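The values are calculated or read from the model by the stated rules, or taken from the named source; none is laboratory data. Treat the numbers as computed from the prediction; the structure is a model and nothing was measured. Here Cβ is always computed from backbone atoms with ideal geometry, including for glycine, and neighbour counts include all displayed protein chains. To get the accessible areas, we keep the full protein, side chains included, count just its heavy atoms, and leave off ligands, DNA and RNA. Shrake-Rupley method; radii C 1.70, N 1.55, O 1.52, S 1.80 Å.
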Amino acid sequence: MENGSSTKKWGFRGNSGLSTAADITVRGVLYMLLSKLNQSDTRHVIPLGHGDPSAFPCFRTDQAAEEAISDSIRSAKFNGYSPTVGILPARKAVAEYLSEDLPTKLSPDDVFLTVGCSQAIQTILTVLADSKANILLPKPGFPYYEAVAQSCHLEVRHFDLVPENNWEVDLDAVEALADENTAAIVIINPGNPCGNVYTRQHLQKVAETAKKLGILVISDEVYDHLAFGENPFVPMGVFGSITPVVTLGSISKRWIVPGWRLGWLVINDSNGILKEHGIIDCITGYLNISCDPPTFIQGAVPDILGKTKKDFFTKIVGLIKECANTCYEGINDVPGVICPSKPEGSMFVMVKLDMSVFEDIKDDLDFCVKLAQEESVIILPGIAVGLKNWLRVTFAIEPSALEEGIKRLKAFCERHSKKA
Ligand SMILES: *Cc1c(COP(=O)(O)O)cnc(C)c1O
């Protein structure tokens, strides 16, 4: 009799697309950094790594949204299964909400409800993952796209976002990368990780380039309306008559309720190209075999979108803007860290490390590990979003915690600088 499993031939093997997917997500890197914290440091941990300010009282969601949820539960109307594409009143509410900023009105049929924006990403990438297909992703970007593409064996090609041009897409690079198997280009606007907001003109150029290449634009607008600089937020769907646009979004960031897991995938395609090519059927097919957002959350959507007061958004955007300024000014006062452009949207900014300043720091990852160990400050190394020797800093946290975090960052950088 054999004992031990090494010689036995088992019939299972893990999906090769999944084994490394965990390492390349933001969460994977942040868990690693949290494990490096010095347990004997009695100071509070300052979380400048992830974009979830919901824990801070000043970022609590609007009361109207909380009431919408409790009303939905108490109505007892939303205890059953929902249709896989979402319940009609919620799809209608999302269509109306997004149509406010569009030249043509969306229909509820253009809207598919998902478990956060994350499932909207999974859905569209899986739908496009034909055997030879490839997809164009931004660098730096949001590594969840890479992880999902890998899990469904969809080839990824990266184009650069150019810091000198306020992180605009390098459109020449996009044209050079695309071939007959390219299905789509992804943009994230307002930008994570760069904190930029694209101009209308640039978005139009992206749409025209996509049309020339015969590809669709996937526009991740999970930070819609979180814009506080010169450029107003313009949805990519405005250009849905130039090339098909699939807009992804959720209530996670604008309402600061990422735990509610309610998002959407929306078709902006006035020429009906996606329908003609079977893409809509594939989206429905995928949603038929995946999980839906809880029905009572869907039941609350019309009130969440319809009854949240303008004051709430004004207050939150004002607070985030104030944090962005504190962060920008504070960081420019830290030796060895350079902030090329002032953040104008989302909750993040990319800052560059000048490695020549430091005495004993190898690279961005080493920087972040030591910063966690010595100062109990968590910052995401740029390598996690595709840029070595940069950092991604989240500024959407309680203002006094942000100031404390920047103070510790400064002390850390001064301590590790080469002595003159
Ligand atoms: C947070 C985030 C998501 C995921 O949003 P959820 O609604 O929490 O699933 C998707 N894209 C980007 C760029 C994000 O920052």
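From Ala90, Ala147, which residue is in the same structural domain as Trp260 (by TED's automatic domain parsing), farther than 28 Å from Ser270 by Cα and part of a helix (DSSP H, G or I)? After applying the criteria, what remains is Ala147.
Within region 305-322, identify whether any single residue is at pLDDT 95 or above, more than 20 Å from Gly51 (Cβ to Cβ) and under 21 Å from the mean Cα position of the chain (by Cα), and answer yes or no. Taking every residue of region 305-322 in turn, at least one turns out to be at pLDDT 95 or above, more than 20 Å from Gly51 (Cβ to Cβ) and under 21 Å from the mean Cα position of the chain (by Cα). If only residues of region 235-246 that are β-branched (Val, Ile, Thr) and open to solvent by 10 Å² or more (accessible area, probe 1.4 Å) are counted, the one that is farthest from the ligand (Cβ to nearest atom) is Ile242. Note on region 36-60: residues that are under 20 Å from Thr308 (Cα atoms), touching a helix residue (DSSP H, G or I) at 6+ places or on another chain (Cβ under 6 Å) and not in a helix (DSSP H, G or I) total 1.
The residues listed here are Ala227, Ala178, Ala210; of these, the one that is more than 22 Å from Val385 (Cβ to Cβ), touching a strand residue (DSSP E or B) at 6+ places or on another chain (Cβ under 6 Å) and buried (at least 19 other Cβ atoms within 10 Å of the Cβ) is Ala210.
Conditions tested, residue by residue: (1) within 14 Å of the ligand (Cβ to nearest atom); (2) assigned by TED's automatic domain parsing to the domain that holds Lys92; (3) closer than 24 Å to Glu175 by Cβ; (4) aliphatic (A, V, I, L, M).
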position	(1), (2), (3), (4)
Ser219	yes, yes, yes, no
Arg261	yes, yes, no, no
Cys282	no, yes, no, no
Asn288	no, yes, no, no
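Of all the numbered requirements in (1) in the same structural domain as Arg200 (by TED's automatic domain parsing); (2) modelled with pLDDT under 95, Thr7 misses one, and that requirement is (1). Given the structure, is Val222 open to solvent by less than 30 Å² (accessible area, probe 1.4 Å), modelled with pLDDT of 95 or more, β-branched (Val, Ile, Thr) and touching a Cys at 6+ places or on another chain (Cβ under 9 Å)? Criteria met by Val222. Of the residues making up region 98-123, those that are more than 12 Å from Val266 (Cα to Cα), more than 14 Å from the ligand (Cβ to nearest atom) and open to solvent by less than 40 Å² (accessible area, probe 1.4 Å) number 1. Annotation note: Cβ proximity below 7 Å between a residue of region 264-289 that is over 19 Å from Val217 (Cβ atoms) and a residue that is outside any loop (DSSP other than H, G, I, E, B) and open to solvent by less than 40 Å² (accessible area, probe 1.4 Å) (sequence gap 6+ or interchain) occurs for Tyr286/Thr123; Tyr286/Val127; Leu287/Phe112; Leu287/Thr123.
Taking region 128-155 as the range and being away from the ligand (no atom under 16 Å from the Cβ) and under 16 Å from Ala384 (Cα atoms) as the test, only Gln150 passes. Sub-8 Å Cβ pairs linking a first residue in region 232-260 that is farther than 13 Å from Gly116 by Cβ to a second residue that is basic (Lys, Arg), at least 6 apart or interchain, are Val234/Arg200; Val238/Arg200; Ile242/Lys211; Thr243/Lys211; Ile256/Arg60, ordered by first then second residue. On the basis of being out of contact with any strand residue (DSSP E or B) (no Cβ under 7 Å at 6 or more places or on another chain) and either open to solvent by 10 Å² or more (accessible area, probe 1.4 Å) or in the same structural domain as Ile187 (by TED's automatic domain parsing) (or both), does Lys342 make the cut? Yes: the conditions hold for Lys342. The residues of region 370-420 that are part of a loop (DSSP other than H, G, I, E, B) and among the hydrophobic types (A, V, I, L, M, F, W, C), listed by number, are Leu387, Phe395, Ala396, Ile397, Ala420.
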